[in-house]
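In what follows, a structure is listed as structure tokens, so that the remarks can point back to it.
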């Protein structure tokens, strides 16, 4: 059934998560008015500061509320000095990924017009790829399950399963097909692995190519992770959709963000078969929290990703159009030089950037 009204959980979290969330909500409200959609918002608490105060990063009640909504809009959670007794950081976003089976970590890496990029090549403006991070297994399957042997040895075990690799592969090819239709991208899916050394990656590659046969109209390739780190710097414009294991995706998505101006320009989504969470790729940045200088672009673009996902899932053309308008507005303000954020060497803060995007929306 087609819908233009949605219910989302808003989880600002810690540090600049609160600030960039406020900016994104302001843009969302403008897009709602312009496109005739309604997004009701339910505030859900959680994070490192919540853990310090209450002894739990996120209550079961909070999780239940987040699991019942149409989507989750997430800021940033974590604080370097606040940790669990075993020394690991507070990261409820990881709990949500595992418990809601958000296996597809979608991390667009796209050069925004007017934003300084890391590469001098004139082709850098053509960077438009997606790192697709499998978010529920790989090395992260060992989270909380590592083994310490007599304080002399520690072991973590990687897990790659056929079922998860198959659904990640199908997600990758469907994403590549949508991107080809909408953006004119190549329709090319390149698995990133280390199949020359590890059995688990050789198995992942085998399952990937078996499943890729379901999509003969698209191109299937593979690439070693070390070579991909090199080629993302040498020729990132040659890549389209890059599915990979969890840890590899964690690392290479930061490299990708560096190519396009930094983490403040890198949105993301964690998507499953029934649930989805949308957040900037950056963390809580305690060093600049409360100063009003955080770049909200990644959070704003993550909100656009949420609207697109909701629109496609519920048949709402208005939500899809709102998502496209937000992306266009972001491009317009940076391309015209109306905004230059602090992390890009400018003086425009969080609120000023949001205002410029809202003005570009014509709302």
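The values are calculated or read from the model by the stated rules, or taken from the named source; none is laboratory data. This one's a predicted model, so the numbers in the text were calculated from it and none came from an experiment. Cβ: placed from backbone, ideal geometry, glycine included. Neighbour counts: every protein chain shown.
Inside the range 97-111, can you point out the residues that are in a loop (DSSP other than H, G, I, E, B) and touching a helix residue (DSSP H, G or I) at 6+ places or on another chain (Cβ under 8 Å)?
Step one: of the range 97-111, the residues in a loop (DSSP other than H, G, I, E, B) are 100-103, 111.
Within the range 97-111, 100, 102, 103, 111 qualify.
Do we find that residue 11 is assigned to a helix (DSSP H, G or I), closer than 21 Å to residue 268 by Cα and in contact with a strand residue (DSSP E or B) (Cβ under 8 Å, 6 or more places away or on another chain) in this structure?
no
Which one of 339, 333, 357 is in a loop (DSSP other than H, G, I, E, B) and crowded, with 23+ Cβ neighbours inside 10 Å?
Going through 339, 333, 357 in turn, just one is in a loop (DSSP other than H, G, I, E, B) and crowded, with 23+ Cβ neighbours inside 10 Å: 339.
Return the residues of the range 211-237 that are touching a helix residue (DSSP H, G or I) at 6+ places or on another chain (Cβ under 8 Å) and farther than 23 Å from residue 258 by Cβ; say none if nothing qualifies.
211, 212, 214, 215, 217, 218, 220, 222
Tell me whether the range 295-308 contains one or more residues that are in the same structural domain as residue 21 (by TED's automatic domain parsing), assigned to a loop (DSSP other than H, G, I, E, B) and modelled with pLDDT of 95 or more.
Yes, the range 295-308 contains a residue that is in the same structural domain as residue 21 (by TED's automatic domain parsing), assigned to a loop (DSSP other than H, G, I, E, B) and modelled with pLDDT of 95 or more.
Inside the range 121-214, counting only strands (runs of 3 or more DSSP E) that do not spill past its ends, which hold 3 or more residues that are closer than 26 Å to residue 278 by Cβ, touching a residue at least 24 places away in the same chain (Cβ under 8 Å) and touching a strand residue (DSSP E or B) at 6+ places or on another chain (Cβ under 9 Å)?
128-134, 188-193
Report the residue count in the range 302-324 for those that are closer than 16 Å to residue 30 by Cβ, over 18 Å from the mean Cα position of the chain (by Cα) and surrounded by fewer than 23 Cβ atoms within 10 Å (Cβ to Cβ).
So the answer is 2.
Would you check if there is a residue in the range 209-220 being surrounded by 15 or more Cβ atoms within 10 Å (Cβ to Cβ), modelled with pLDDT of 95 or more, in the same structural domain as residue 124 (by TED's automatic domain parsing) and under 22 Å from the mean Cα position of the chain (by Cα)?
Filtering the range 209-220 for residues surrounded by 15 or more Cβ atoms within 10 Å (Cβ to Cβ) gives 211-212, 215, 218-220.
When the remaining residues are screened for being modelled with pLDDT of 95 or more, the result is 211-212, 215, 218-220.
Then drop every residue that is not in the same structural domain as residue 124 (by TED's automatic domain parsing), which leaves 211-212, 215, 218-220.
The next check asks that each one be under 22 Å from the mean Cα position of the chain (by Cα); those that pass are none.
Taking every residue of the range 209-220 in turn, none turns out to be surrounded by 15 or more Cβ atoms within 10 Å (Cβ to Cβ), modelled with pLDDT of 95 or more, in the same structural domain as residue 124 (by TED's automatic domain parsing) and under 22 Å from the mean Cα position of the chain (by Cα).
Could you say which residue among 143, 162, 155, 110 is within 23 Å of residue 207 (Cα to Cα) and either surrounded by fewer than 17 Cβ atoms within 10 Å (Cβ to Cβ) or not assigned by TED's automatic domain parsing to the domain that holds residue 335 (or both)?
Of 143, 162, 155, 110, the one residue that is within 23 Å of residue 207 (Cα to Cα) and either surrounded by fewer than 17 Cβ atoms within 10 Å (Cβ to Cβ) or not assigned by TED's automatic domain parsing to the domain that holds residue 335 (or both) is 162.
With (1) crowded, with 21+ Cβ neighbours inside 10 Å; (2) farther than 20 Å from residue 188 by Cα as the list, and residue 249 as the residue in question, which single condition is left unmet?
Among (1) crowded, with 21+ Cβ neighbours inside 10 Å; (2) farther than 20 Å from residue 188 by Cα, residue 249 violates only (2).
Can you tell which of 94, 73 is at pLDDT below 95, within 19 Å of the chain's Cα centre (by Cα) and either on the phi < 0 side of the Ramachandran plot or outside any loop (DSSP other than H, G, I, E, B) (or both)?
94
Counting only residues that are part of a strand (DSSP E or B) and touching a helix residue (DSSP H, G or I) at 6+ places or on another chain (Cβ under 8 Å), which one in the range 14-51 is farthest from residue 75 (Cα to Cα)?
38
Going through the range 277-289 one residue at a time, which ones are surrounded by fewer than 24 Cβ atoms within 10 Å (Cβ to Cβ) and either outside the structural domain of residue 8 (by TED's automatic domain parsing) or in contact (Cβ under 8 Å) with a residue 24 or more places away in the chain (or both)?
283, 285, 286, 288, 289, listed by residue number.
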